[in-house]
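Contents: one structure, followed by commentary.
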Amino acid sequence: MTTTTAPRKYESLAHAADRTGVSVKTLRRRIACGQLAAYRTGRLIRLNPADVDRLLKRMPTAGVPMSMK
């Protein structure tokens, strides 16, 4: 029995930066310090979009809940 996996999707630093609103420089810093995994093929650096998304943390909102307005 053979199982197949879906091909992985990768994106460039520029695409990840545009998609998330984070600068390319910040993404490079996260790669350098080990917070973000990157994959090199020749001169190209590719990122897994899920890894980039994990850098973004949801912040709790403060104030009156919408149900109270």
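The rows are residues; the columns are (1) out of contact with any Asp or Glu (no Cβ under 6 Å at 6 or more places or on another chain); (2) modelled with pLDDT under 95; (3) more than 24 Å from residue 8 (Cα to Cα).
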{"site": "26", "(1), (2), (3)": "yes, no, no"}
{"site": "34", "(1), (2), (3)": "yes, no, no"}
{"site": "41", "(1), (2), (3)": "yes, yes, no"}
{"site": "51", "(1), (2), (3)": "yes, no, no"}
{"site": "56", "(1), (2), (3)": "yes, yes, no"}
{"site": "63", "(1), (2), (3)": "yes, yes, yes"}
{"site": "66", "(1), (2), (3)": "yes, yes, yes"}
Picked from region 22-36 (must be more than 11 Å from the chain's Cα centre (by Cα) and of a type in the set (Lys, Arg)), the residue surrounded by the most Cβ atoms within 10 Å (Cβ to Cβ) is 28
Where a residue in region 1-19 is in contact (Cβ under 8 Å) with a residue 12 or more places away in the chain and surrounded by fewer than 12 Cβ atoms within 10 Å (Cβ to Cβ) and its partner, wherever it lies, is in a loop (DSSP other than H, G, I, E, B) and not hydroxyl-bearing (Ser, Thr, Tyr), with Cβ under 8 Å and at least six apart:
8/48; 9/48
Tell me yes or no: at least one residue of region 37-51 is without any contact (Cβ under 8 Å) to a residue 60 or more places away in the chain, aromatic (Phe, Trp, Tyr), in contact with a strand residue (DSSP E or B) (Cβ under 7 Å, 6 or more places away or on another chain) and surrounded by 15 or more Cβ atoms within 10 Å (Cβ to Cβ).
no
State the number of residues belonging to region 14-34 that are closer than 13 Å to residue 55 by Cβ, part of a helix (DSSP H, G or I) and not small (Gly, Ala, Ser).
8
Residues of region 1-13 satisfying the condition of being under 16 Å from the mean Cα position of the chain (by Cα) and part of a loop (DSSP other than H, G, I, E, B):
8, 9, 10
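The values are calculated or read from the model by the stated rules, or taken from the named source; none is laboratory data. Given the structure is predicted, the values throughout are model-derived calculations rather than measurements. With ideal geometry, Cβ positions are generated from the backbone for all residues, glycine too; neighbour counts draw on all protein chains shown.
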